[in-house]
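What follows is a short report on a single structure.
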C-alpha cells in the first residue's frame, strides 16, 4: 500500500481542494473559497496550508493562516473513506506546528453550528470551546461604499 503524505498545498491543488470541500457536508464555503482568493491566501501562508495525499489524490486539507498576532485554522477536512484513522489529527498537529514556528501563541478555529459532530474531535485534541464570544462577519465583496 502506497503511503499517505502531508505536503505543502500548491496552487495546482486548489481545484481538487475545492472539490473535496464541496463533497464534504458541514464545510462552510463562502466568498473567499474560490481559486483567486485561495491562491492569495496560500501565497501569504506558504508553510501552513497543507494537503494529505494518497496515490497523488488529495484526501485531506487544512488551511492555516497567521496575521502576525493570531493563528487560524480553516477547512480541516479528511475524505470520508479515510476518516477515523488519525489523519485529521496529524493534519491539525502539523498546521499547529507550522503556526507555532511563526510565533502564533494563540490559534483559533471555527466550527459551524450545522456541524456539531466535529466538536468532539477538536476537544479530544485539547481545543477549548469558547463561550465568551460571538463571531460577527462583514462581507466586503457584497457591500458598496456609501455615496
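FYI, it's all coordinate maths here, none of it is from the lab. Keep in mind the model is a prediction, meaning the values are calculated, not measured. Every residue, glycine among them, receives a Cβ derived from its backbone with ideal geometry; neighbour counts consider all protein chains shown.
Some values worked out for this structure:
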quantity	calculated
Relative contact order of the range 4-142, pairs being alpha-carbon contacts under 8 Å that are 6 or more residues apart, as %	22
Cα-based convex hull, the range 4-142, per residue volume (Å³, whole number)	122
Proxy reagent accessibility, fewest Cβ within 10 Å first, across 82, 110, 136	136, 110, 82
Likely footprinting exposure, 117, 94, fewest C-beta neighbours within 10 Å first	117, 94
Which of 76, 102 has the fewest Cβ neighbours within 10 Å, and the rest in rising order	102, 76
Point-to-point label distance, residue 11-residue 136, nm (Cα→Cβ direction, 7 Å offset)	3.6
Using distinct alpha-carbon pairs, which all enter the 1/r mean, Kirkwood radius of the range 1-44 in Å	11.8
Cα→Cβ-extended label distance, 7 Å offset, between residue 19 and residue 128, nm	4.1
Calculated FRET value between residue 35 and residue 57, using beta carbons and R₀ = 25 Å, to 0.05	0.85
